[in-house]
Structures are given as structure tokens and as C-alpha cells.
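The values are calculated or read from the model by the stated rules, or taken from the named source; none is laboratory data. What you see is a predicted model; the values in this text were computed from it and never measured. Cβ sites come from the backbone with ideal geometry, for glycine too, and all protein chains shown count toward neighbours. For accessibility, only protein heavy atoms count, side chains too; no ligands or nucleic acids. Shrake-Rupley method; radii C 1.70, N 1.55, O 1.52, S 1.80 Å.
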Amino acid sequence: DSGYNRVLIFKDAAHFPVSPPLNGKRADIVLGQSSFGSSTSGTGMKQMAGPQYVLNAGGKVFVADTQNNRILIFSTSTIFNDPDGKDISAEIVLGGVSAGISENTFRLPRSVFSDGTRLFVSDTNNHRILYWSTIPTVSHTPANAVLGQPNFTTGTEPPINGYTFRFPETITYANDQL
């Protein structure tokens, strides 16, 4: 829910469209806000600004917190065991509030992919995809590799060829192919 700076989670969505119907159902969990009725953007570990993509994989929920130039990583056990379902803190942050060009900064990251072991992030306005060989367990862990640029410190719009991207947004992975 990019416009309200949050991610809503519906626990019963696996049963959709069977009974009970989800029509008009309130979300069970909100990430990025202290309540279901707030929409303030922010830079804290419990806040977001224009999140664009959410992925649940490997016991983690990854959020591309796009306008904060970062990826937030939550533990599913923390999220689903919270009694209130709100004001939940991310455990790990990759990137930071300021846009950057390095092995641990982004400029408007739009999506994430993980197979439960590895992590890929589309760093859209740096025209690249960053890769971690294992899901980071501490904040600001540098990426292991970069696709679409010759190194971690180049983020210019490159000429078209088989090595480059221009504003990569969504990442798809299947059968060991990215």
C-alpha cells in the first residue's frame, strides 16, 4: 500500500475466494505504521515511505521501501506472533535513507527476489541488480555481486547491450534462471 506507506497482511488470504469471503475484511497485520489508521512516512525501523514490493520467502518478509532507498527484512515469526499486528520493527535494513551507489546502497529499489537462501534486489535508478549469496543476517551487509554495471560504484544509464539494464523493476527467477 505505497500511498499509505505500509504493507497490509491478511492471514486468511489462503482461503480466498472460499468461505469466509474476504470482501470488506480488515487486514490482520500492518507493517510500516503504528496503527491501521495512520499513514505517516518515516525512516525508522517501524516506518516506510512508498514501499513498492513485498516478498515472503525463507521465513522472512522482504519489503522494497523504495522512497527510503532501502530493503527492510522482517522475520515471519515476529510478524505472525505479534499480538496487536501493528508497530512491528524490521530486523535488518539494507541500504539507507539517502540514495547511493555502492555495494550496500540503492537509488529507488523496486523489487526483491529470494529463493530462501539468496537475495536479489532491483536497484532501479542505479540501473542494476544487486546479489547476496546468502540472506543477510545483519544490517548494511554489502552485496556479493552486481549485474548491469561494471562495478559497485557505477550507476549511470548504460548503452544498450547484453550486459546492461535500464531501470530494472521486477525480478523473476525460475529453474536457475534470473
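A few points about this structure:
- Residues that are in a loop (DSSP other than H, G, I, E, B) and either open to solvent by less than 70 Å² (accessible area, probe 1.4 Å) or of a type in the set (Asp, Glu) (or both) within the stretch 146-160 comprise GLN149, ASN151, PHE152, THR154, GLY155, GLU157, PRO158, listed in sequence order.
- ALA143 being over 22 Å from THR76 (Cβ atoms), at pLDDT 95 or above, open to solvent by less than 30 Å² (accessible area, probe 1.4 Å) and part of a loop (DSSP other than H, G, I, E, B): yes
- Number of residues in the stretch 69-110 that are farther than 25 Å from SER35 by Cα and crowded, with 21+ Cβ neighbours inside 10 Å: the value is 4.
- Residue list for the stretch 103-152, filter: touching a helix residue (DSSP H, G or I) at 6+ places or on another chain (Cβ under 6 Å) and touching a residue at least 60 places away in the same chain (Cβ under 8 Å): ARG110
- Residue within the stretch 30-44 that is closer than 18 Å to SER133 by Cα and touching a Phe, Trp or Tyr at 6+ places or on another chain (Cβ under 7 Å) present: no
- Any hit, the stretch 95-113, residues being farther than 30 Å from THR156 by Cα and out of contact with any His (no Cβ under 9 Å at 6 or more places or on another chain): no
- Within the stretch 161-176, tally of residues that are free of Cβ contacts under 8 Å to residues at least 12 places away in the same chain and more than 21 Å from ALA57 (Cα to Cα): 2
- Residues within the stretch 58-68 that are open to solvent by 10 Å² or more (accessible area, probe 1.4 Å) and among the aliphatic types (A, V, I, L, M), tallied: 0
- Subset of the stretch 37-81 (residues that are hydrophobic (A, V, I, L, M, F, W, C) and in a strand (DSSP E or B)): VAL54, LEU55, ALA57, VAL61, PHE62, VAL63, ALA64, ILE71, LEU72, ILE73, PHE74
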